[in-house]
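Nothing in this text is a laboratory measurement; each read-out follows from the coordinates by a stated rule. Remember, predicted model here, so these are calculated numbers, not experimental data. Please note: Cβ atoms are built from the backbone with ideal geometry, for glycine as well, and neighbour counts cover all protein chains shown.
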Amino acid sequence: MVQERTENLPSLRIGYFFILVLVALDAISKYLAKQYLEFGEMVPMVPSLDLLLVFNSGVAFSMLDFNNAFTSYGLLIIGFVLVGYLYSMLRKEEDIINYWALILIIAGALGNLLDRLVDGVVTDFLYFHVDQFSFFIFNLADAFISIGAAIFIIAELQKYFSSSRIMKTQIILANPRGFCAGVDRAIDIVNQALVKFGAPIYVRHEVVHNKTVVEELKSQGVIFVDELDEVPESAHVIFSAHGVSDKVEQEAIKFKLRSFDATCPLVTKVHSEVQRHARAGRDIILIGHDGHPEVEGTLGRHHPGESGSQIYLVQDEEEAMELKVTQPQNLTYVSQTTLSLDDTNAIVSILYSRFPEILKPKSSDICYATQNRQDAVKQLALEAEYIVVIGSRNSSNSNRLKELAEKCGTPSILIDDYSELNFADLSGYKKIGVTAGASAPESLVQGVVTALCQSLNGEPLELGENKEDIFFRLPPELR
Ligand code: SF4
């Protein structure tokens, strides 16, 4: 069956036709040489090229001279095997110059092989020499092979040198990047619930802030809801990794739902701190972004009871400057887990200067994953001319990575996946950094890397290595 060729190449049928024509030309020229030339007779043609008839006992390509019949037929077989190999190259060839070069080589090889098969010798009649130095006694088939091989070699050399001249774009990958232990656990909880209880499984809010993850889970039968009154009685519901308020937990009981908590343990730790300080009657400053689900959940864990504790949300340095508290001597702070370390430190400095007695937490609430990815993007900004951050628009830690890259003086873009890349804009950069927020899967990173490598002649390069080995266990009922 004749294989279809790619658009820029002639069909194989055309190739076969040209091979036939060239083989016929070679056979006719050899026939004429034998008809009109005496053996050993020399007829001058043009300077350095005469007609001179000789019979060459060479085998496959008339370059080997063996009189032993066994060796002779063995090499004849090798000759046909080589033609078979050249033919397989022709079928796969995508380059038009190499394609025609292979046609010439195959035709020449076949011409000499057929000559040898029919006459037992190869007819040579073209004598090339310069003055008294003789070079070749050859025929048209040899000429086809020589020209084809020369074209093939020159084309390959040209490709080699031009590709080595084009400088590759370095695609530098930050480490660590992408999924954190909390996100891994939250997704595992949803998947395990699907396996154990079957679809539909309800999830309150996006389980993690990533469009691709959410769409994949939806396709497996997960239904995302804003509030629990949208969930049918007795259904299975999962709270997202960002955590929920006590009120939401009580609603789940009231609506008789079977709930599982995918709250990241590091968010739960902040909830516990808030509850402890509230019981102690301390005022609490929560550093975070208004409206973010994690902040809503943390605020909803503050129950002062009779203690008189108050909680205040501070979003930026300006709000820290203007904040008024009722107990400046009995005050502490906590923070959202996914903030910018530098921005939070600036806010904390203001709080210390305004409220010198503020109680310092034992450790930062900004989680290890946020901190490590921010450290990595700072490192990346030293190497790269442009940084692509993979993550969804509503992902807090992904937005912080983009902001941080830009603060370090490196332009940056936040994208969900490779389809948002603008290669024309990126073509001016020779070092492009890639990182991903804690909720973006590695498959999206690899999609971006592949697209950049293919479109910008890029080569990927890992910056450092991922040394994170944190793992959070699933709830006992889903293990
Ligand atoms: S980013 Fe941090 S707090 Fe959020 S899920 Fe991951 S580990 Fe937990």
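As a length-normalised measure over Cα pairs under 8 Å and 6 or more apart, the relative contact order of segment 181-265 settles at 34 percent.
The amide H of F136, built 1.01 Å from its N in the peptide plane, has F128 as neighbours under 5 Å, considering only residues 5 or more places off or on other chains.
Summarising the amide proton neighbourhood of I311: residues at separation of 5 or more, or on other chains, whose placed amide H is nearer than 5 Å comprise I284. Taking Cβ atoms as reference points and 13 Å as the exclusive limit, the residues near G79 contribute a net charge of 0, counting Lys and Arg as +1 and Asp and Glu as -1.
Note on segment 308-434: semi-axes of the ellipsoid equivalent to its C-alpha gyration tensor, largest first and rounded to whole Å, are 36, 13, 12. Residues whose amide H falls under 5 Å from that of L53, counting only those 5 or more places apart or on a different chain, are G40, E41, with hydrogens built in the peptide plane. Net charge near Y202: determine it from the other residues with C-beta under 12 Å of the C-beta of Y202, scoring Lys and Arg +1 and Asp and Glu -1. Here the charged neighbours net out to -2. Listed values for segment 28-45 are Karplus-derived 3J(HN,Hα) couplings in whole Hz (6.51 cos²θ - 1.76 cosθ + 1.60, θ = phi - 60°), namely 5, 5, 5, 4, 5, 4, 5, 6, 10, 10, 7, 4, x, 6, 10, 10, x, 10, and x replaces Gly and Pro.
Assuming R0 = 45 Å, can you tell me the calculated FRET efficiency for the pair D316 and D95, based on Cβ-Cβ distance, to the nearest 0.05? The computed FRET efficiency comes out at 0.15.
Between K34 and Q329, the contour length at 0.36 nm per residue exceeds the alpha carbon distance by 94.7 nm. Residue by residue, segment 280-296 carries 3J(HN,Hα) couplings of 7, x, 8, 7, 10, 9, 9, 8, x, 9, 4, x, 5, x, 5, 5, 4 Hz when phi is fed to the Karplus relation 6.51 cos²θ - 1.76 cosθ + 1.60 (θ = phi - 60°); x denotes Gly or Pro. Length available on full extension from S146 to D261: 0.36 nm per residue minus the Cα-Cα distance, which gives 33.9 nm.
Sparsely packed loop sites in segment 228-306 (the GluC sites (Glu not before Pro) outside DSSP H, G, I, E and B with at most 10 other Cβ atoms within 10 Å) comprise E233, E306. Residues I147, I77, arranged from fewest to most other Cβ atoms within 10 angstrom of their Cβ, appear as I77, I147. Dimensions of segment 12-165 along the principal axes, based on C-alpha atoms and rounded to the nearest Å, stand at 50, 38, 28, largest first. 3J(HN,Hα) along segment 472-479: 10, 6, 6, x, x, 6, 10, 7 Hz, from the Karplus curve 6.51 cos²θ - 1.76 cosθ + 1.60 with θ = phi - 60°, whole Hz, x for Gly and Pro. Projected label points at Y85 and Y73, each 7 Å from Cα along the beta carbon direction, are separated by 2.3 nanometres. Scoring 414-424, 30-40, 385-395 by mean Cβ neighbours within 10 Å over their residues and listing the highest first yields 385-395, 414-424, 30-40. Put a dot 7 Å past the Cα of Q275, heading toward its Cβ, do the same for D469, and the two dots end up 3.2 nm apart. For T338, T123, the sequence from fewest to most other C-beta atoms within 10 Å is T123, T338.
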